[in-house]
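Worksheet: the structure to be examined is printed underneath.
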Amino acid sequence: MDFYRLMLYIVLLHSCKSTSGYSVLALVTDFFLSSYEKLRCPLGDCCNNHWIPNNTTKLQELLKQDVFGQHIATEVVSRQIEAHLSNPSPSKPLVLSFHGWTGNGKNHVAYLIAKSLFMKETDSQFYHHFISTVHFPHQHNTQLYQDQIRSWVSGNVSRCTQSLFVFDEVDKMPSGVLDGIKAYLDYVDRVDGVDYRKSIFIFLSNTGGKEITKKVHDIWLKGNVKREELTVRDFERLVELGAFNEEGGGLHQSRLIEKHLIDVYVPFLPMEKMHVRLCAENEFNKQKYFPRNKEAALQKIVDGLHYYPEDKELYSTTGCKRVAQRVSLYIAEERYNNRAYERRHHDSSEL
């Protein structure tokens, strides 16, 4: 079908209305715009609004339905991302630093951010995930890593100003590596002709987890403030000092902290049993499995994890990290038992 025939169809349909009230012209136009986008971007991942939709509404919904026990993190992340993306000319890149024990949701929240910003989610070429023990394993190679990270960030942002960089296990990164990109995170319009201000940088670290847990526990002991009433201000300075002073960590004596280039330190609180239970329930739903006895199933998952302090068992030592595995095991065992019961019942009926 040639172009003129297509245009004729559009003209003929112009006066029609769909059942939802939208002009058929609008629907057809949308179809051709989508087709044009695919022709213009054959690899299916380009630096434009189509492939980087920045769906902050989706992010808010995902944080609400998929993250448990982290009211501070979900509120701060949602607000910061929304503010940064809605600003047509931000003064600097958005730099977030996530802190807390393993399993409390740092990686998962970073994943949800990527899932909301990019059409191809974490498969987008504009999403970059570094793992310190993989990409920066040797403590004595700081200068080399600085050069590598500077080159990688500069090269990718020059291709697309709205890139997302996630640095995992920052507490295991050689000190000083992140200082290599200090100039890119500062309050400047361009560095060597490259504008970094629309990019987002996220650091994930276990640093401060002990201090965060201690503060939450101390508040619990006093009983005068509810967990849900805690705010980012209750932890921010505590985490900042902990990251700056912890020897051997990627933010130890960091110029990023000295120059106040990290916009917010986001605390991830220790997970209580009620939060582990919510994680387990969510995992059953994800796997679309409904156990025979839901309450017993959830209780078994919760009781199967370790908690601290030992005398109170308040907080999960691994957060929700092992929940998915235990739910999968529970499902496999229950299915096996169901099949065994059916076989026994079948055999007895034949006697």
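Quick note: the coordinates plus some simple rules give every number you see, no bench work behind them. Being a predicted model, the structure only gives us computed values, none of them experimental. Every residue, glycine as well, gets a Cβ built from its backbone with ideal geometry; the counts of neighbours run over all protein chains shown.
Computed on the range 56-267, with alpha-carbon pairs under 8 angstrom and 6+ residues apart, the relative contact order is 30 percent. Residues with beta-carbon under 11 Å from that of Leu269, excluding Leu269: net charge, scoring Lys, Arg +1 and Asp, Glu -1? That sum, taken over residues with Cβ under 11 Å, equals -1.
Using a cut-off of 9 Å between beta-carbons, work out the net charge of the residues near Tyr307 (Lys and Arg +1, Asp and Glu -1, Tyr307 not included).
Spelling it out: positives minus negatives among the neighbours equals -1.
Amide H to amide H distances under 5 Å link Met173 with Gly250, where only residues 5 or more positions off or on other chains count and H is placed in the peptide plane. Taking a ≥ b ≥ c as the square roots of the Cα gyration tensor eigenvalues, with a/c under 1.5 meaning rounded and otherwise prolate when a/b beats b/c, else oblate, which class fits the chain? Oblate.
Could you give log10 I(q)/I(0) at q = 0.10, 0.19 Å⁻¹ for the range 38-175, computed by the Debye formula over C-alpha point scatterers of equal weight, without solvent? Result of the Debye calculation: -0.37, -1.25.
Ordering Gly209, Pro93, Ala243 by Cα displacement along the dipole of the chain toward the positive end leaves Pro93 in first place; charges were set at the Cβ atoms of Lys, Arg (+1) and Asp, Glu (-1).
Among Glu211, Glu61, Glu310, the largest mean-square fluctuation in a Gaussian network model of the chain (Cα springs under 10 Å) belongs to Glu310.
Only bridges with both residues in the chain count here: give the DSSP antiparallel percent, nearest 5. Around 20 percent of the beta bridges assigned by DSSP in the chain are antiparallel ones. Bridging of Lys182 to lysines at a Cα separation below 17 Å is possible for Lys92, Lys198, Lys259, once same-chain residues fewer than 8 apart are set aside. Taking other residues whose beta carbon is less than 11 angstrom from the beta carbon of Trp220, and scoring Lys, Arg as +1 and Asp, Glu as -1, yields +4.
Calculated [222 nm] ellipticity per residue, helices only, for the chain: -15500 deg cm²/dmol; basis is -39500 (n - 2.57) per DSSP H run with n ≥ 4, divided by all residues, nearest 500. Taking a ≥ b ≥ c as the square roots of the eigenvalues of the alpha-carbon gyration tensor, the range 88-131 is classed oblate because a/c is 1.5 or more while a/b is no larger than b/c. The mean of 1/r over all distinct Cα pairs in the range 273-350, once inverted, gives the Kirkwood hydrodynamic radius of 13.7 Å. Taking the chain as a Gaussian network, where each spring joins two C-alpha atoms under 10 Å apart, which residue of Lys222, Lys120, Lys182 fluctuates the most? Evaluated over the chain, the most mobile residue of the options is Lys222. Give the cross-link partners of Lys294 among the lysines, using a straight C-alpha distance below 23 Å as the criterion and excluding same-chain residues fewer than 8 apart. Straight-distance partners of Lys294: Lys64, Lys273, Lys286, Lys321.
Computed about its Cα centre, the charge dipole of the chain is approximately 600 debye, with only Lys, Arg, Asp and Glu carrying charge at their Cβ.
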